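The values are calculated or read from the model by the stated rules, or taken from the named source; none is laboratory data. Quantities reported herein were computed from a predicted structural model and do not represent experimental measurements. Neighbour counts are summed over all protein chains in view; Cβ atoms, including those assigned to glycine, are modelled from backbone coordinates with ideal geometry. Heavy atoms of the whole protein, side chains included, go into the accessibility calculation; ligands, DNA and RNA do not. Shrake-Rupley method; radii C 1.70, N 1.55, O 1.52, S 1.80 Å.
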Amino acid sequence: MKSTLIALTAVILFLLNGPAFGASKSVQHDIELNGIRHIDISHSVGNIRIARTSGSEAAELTGVIKGRSKGWFRGAKDVTNIDFDISKQGDTLYIVFDQKNTEANFTLTIPILEQLTINLGVGNVSAVISDSESEINIGVGNAALTASLHAMGSIAMDTGVGNTHISGTNNQNTTRAIVTSSVHGKGEGNNSLGVNIGV
């Protein structure tokens, strides 16, 4: 009886934890940017970091993809065969990650481009904006952005629930409602930055 209980307990623990061999993996992509002027990122869940490199015609994506639990008595999703969908169309590079029960945290290192667009469902964005027209939309999360005021023109940041703040310039206007916040500013350059965060 005692040995039966021990065996049953071991089986239950195995089912709860699930096999861990495919629950997480590292990824790396070297991406040629010849002719690319715009990078468009669509990401479901995870954190995005944008870093900058100078004098390069290539981008590097490095990160970790993790499977999440699919429910009671089921382990984390196997991510062995899951990766980013990276494609080019015209002068735009598309990076897409949209997988159920998974999250991806990654760093994208890029040179100066004309335009950067990020659409993130849940997570955080940390980015050096540099000399790019930039639009960032986050459903739930935070954005911490660094840019040169010499390069930036109009800056507009809006949240449905939360706070917004621009440091480094006095040329800004902040408005707050009960839970919403908006701040609009102006740098010394021509590139625009738009940030919209739901929560």
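Dipole of the chain, Cα-centred, from +1 at each Lys and Arg C-beta and -1 at each Asp and Glu C-beta, to the nearest 20 debye?
Working: 14 positive and 17 negative charges, 232 e Å.
Dipole magnitude for the chain comes out near 1120 debye.
Put simply, the amide H of R68, placed in the peptide plane, has neighbours under 5 Å in K77, T102, E103, leaving out anything fewer than 5 places away on its chain. Using a Gaussian network model of the chain in which every pair of alpha carbons under 10 angstrom is joined by a spring, one finds that among G189, G67, G123 the greatest mean-square fluctuation is at G189. Relative to the dominant Cα principal axis of the chain, helix 2-17 is inclined by about 20°. Along the axis of the charge dipole computed for the stretch 82-141 (Cβ charges of +1 for Lys and Arg, -1 for Asp and Glu, origin at the Cα centre), the listed residues T117, A104, S132 are led at the positive end by A104. Other residues with beta-carbon under 13 Å from the beta-carbon of N173 carry, at +1 per Lys or Arg and -1 per Asp or Glu, a net charge of +1. Please report the spacing between the Cα centers of the stretch 42-118 and the stretch 145-162 in Å, no decimals. When both Cα centres are located, 23 Å separates them. K25 sits among other residues whose Cβ lies under 11 Å from its own Cβ, and their net charge, with Lys and Arg +1 and Asp and Glu -1, is -1. Using θ = phi - 60° in the Karplus curve 6.51 cos²θ - 1.76 cosθ + 1.60, the 3J(HN,Hα) couplings for the stretch 34-45 round to 4, x, 8, 10, 9, 10, 10, 10, 10, 9, 7, 9 Hz; x is entered for Gly and Pro.
Looking at the square roots a ≥ b ≥ c of the eigenvalues of the Cα gyration tensor of the stretch 20-71, which shape do they give, rounded for a/c under 1.5, prolate if a/b is larger than b/c, or oblate?
Working: a/c = 3.01, a/b = 2.22, b/c = 1.36.
Prolate.
Rounded to whole numbers, the Karplus 3J(HN,Hα) couplings from phi for the stretch 146-160 are 10, 8, 7, 5, 5, 9, 7, x, 6, 10, 9, 10, 9, 10, x Hz, using 6.51 cos²θ - 1.76 cosθ + 1.60 with θ = phi - 60°, and x at Gly and Pro. Couplings 3J(HN,Hα) for the stretch 96-113, derived from phi with the Karplus relation 6.51 cos²θ - 1.76 cosθ + 1.60 (θ = phi - 60°), are 10, 9, 9, 10, 5, 6, 9, 9, 9, 10, 8, 10, 10, 9, 9, x, 5, 10 Hz, where x marks Gly and Pro.
How do R68, R52 stack up against each other in accessible area, from largest to smallest, with a 1.4 angstrom probe?
Numbers: R68 100, R52 60 Å².
So, going from the largest accessible area down, we get R68, R52.
Once you keep just the Cα pairs under 8 angstrom separated by 6 or more residues, what percentage relative contact order results for the stretch 89-183?
Working: 112 pairs, mean separation 17.5, N = 95.
The normalised contact order for the stretch 89-183 reaches 18 percent.
Each helix, a run of at least 4 DSSP H residues, gives -39500 (n - 2.57); summed and divided by the residues of the chain, these come to -2500 deg cm²/dmol at 222 nm. The relative contact order of the chain comes to 20 percent, based on Cα pairs under 8 Å that sit 6 or more residues apart.
Here's how it looks for G187: its modeled amide H is under 5 Å from those of G153, S154, I155, which are all 5 or more places away or on a different chain. Within the shell defined by Cβ-Cβ distances under 14 Å, the residues around P111 carry a net charge of -4, with Lys and Arg each +1 and Asp and Glu each -1. Straight-distance candidates among the lysines for linking to K66, with alpha-carbon spacing under 27 Å and chain neighbours fewer than 8 residues away dropped: K25, K77, K88, K100.
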